[in-house]
Ligand code: GLU
């Protein structure tokens, strides 16, 4: 046997144990299939605005690029951008964050990664509400921590069950993650519930990580930022969903000073800063009046698409919606086809050319569900449902 044959893998055990991101895998597979000439795929898979970045943001970025914004920026982000984020947090979220206490990151995902890396170690636990977005658990795992999952159920509108959460708190819980509006369920958590979760975290010397990236995709209720009232909160937000800027990789975080200092050290040694000229696009997104109209237009459009999708689900004999999403742009639907969600999503993509995300990717509670994104166009949503219904009938 050669040395190469004897070698099992170059990977560390920790990396070997890591699961790929299912949302990314679905999207990568869609792109691979398209690259291979399959041009009729309809994607309700990866969660991504069904719009291009607004022109005024692109133009501001081009201007920044042409005037030479091509050098390193401060690791925390360009001063002007952090000032604009600080003003936004104050005006819209009632969160007081000095520009020095804001870190601009490569998407909200990197902010979460940094926050977990900076605060967690072996023996620590992160409390997640199941179903939860795919990367929280892996981010905790990469920091050496474990995860506790507390189910949220459709009967309760997928809202957090405080009694169950209190019962699940155990020594070592260092972070409670709140994601409202929620990916994948679309639930918007009541202000009081979020407050009680922040208090619960505080009583246990823990942090609340508030992932607010779907803040602007809100159709019912009001957005509440826990950091407006509590200081044990890491707030994460991003430009991706708010301004249709997913590919730009721009997010930000604010939180307790020591946490930010820790995050900054890891950031300095890993990425240095976010692409300079892209940051000036983000600045324009926050400061150009034209953004307001675009944000409103996108929200109105998603609402129409949500109503269309919920209608199509109601008419389906195969799909059942636990509760109508109040925010984000996903329907988390149960199905009555006898297949695990992973297999069903795979077959839908391969056989019907419809991309969805298997519910189990979001935790055990998500099994027998699919996540369907209604950021897609109305035409695509209708076509996807036609094909899914046809396929379900065929395999039933
Ligand atoms: N958050 C989006 C989703 O859940 C983007 C993909 C990802 O970052 O996981 O589809």
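No lab work stands behind these numbers, since they all come straight from the coordinates. Not measured: the values here are computed from a predicted model. With ideal geometry, Cβ positions are generated from the backbone for all residues, glycine too; neighbour counts draw on all protein chains shown.
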> Looking at the stretch 366-379, which of its residues are within 16 Å of the ligand (Cβ to nearest atom) and in contact with a strand residue (DSSP E or B) (Cβ under 7 Å, 6 or more places away or on another chain)?
Replying inline: 369, 370, 371, 372, 373, 374, 376
> Listed residues 29, 25; which is surrounded by 14 or more Cβ atoms within 10 Å (Cβ to Cβ), without any contact (Cβ under 8 Å) to a residue 12 or more places away in the chain and part of a helix (DSSP H, G or I)?
Replying inline: 25
> Listed residues 265, 292, 351, 314; which is surrounded by fewer than 16 Cβ atoms within 10 Å (Cβ to Cβ) and under 24 Å from residue 152 (Cβ atoms)?
Replying inline: 314
> Would you pick out the residues in the stretch 1-22 that are more than 16 Å from the ligand (Cβ to nearest atom) and either touching a residue at least 12 places away in the same chain (Cβ under 8 Å) or in contact with a helix residue (DSSP H, G or I) (Cβ under 6 Å, 6 or more places away or on another chain) (or both)?
Replying inline: 14, 17
> Hey, among the residues in the stretch 127-158 that are under 17 Å from the mean Cα position of the chain (by Cα) and closer than 16 Å to residue 190 by Cβ, which one's surrounded by the fewest Cβ atoms within 10 Å (Cβ to Cβ)?
Replying inline: 158
> Residues in the stretch 298-309: is at least one closer than 30 Å to residue 147 by Cα, under 21 Å from the mean Cα position of the chain (by Cα) and either away from the ligand (no atom under 16 Å from the Cβ) or not in a loop (DSSP other than H, G, I, E, B) (or both)?
Replying inline: no
>> If the requirement is being away from the ligand (no atom under 16 Å from the Cβ), touching a helix residue (DSSP H, G or I) at 6+ places or on another chain (Cβ under 7 Å) and within 20 Å of residue 248 (Cα to Cα), which of these qualifies: 49, 54?
In response: 54
> Does the stretch 174-189 contain any residue that is at positive phi and within 16 Å of the ligand (Cβ to nearest atom)?
Replying inline: yes
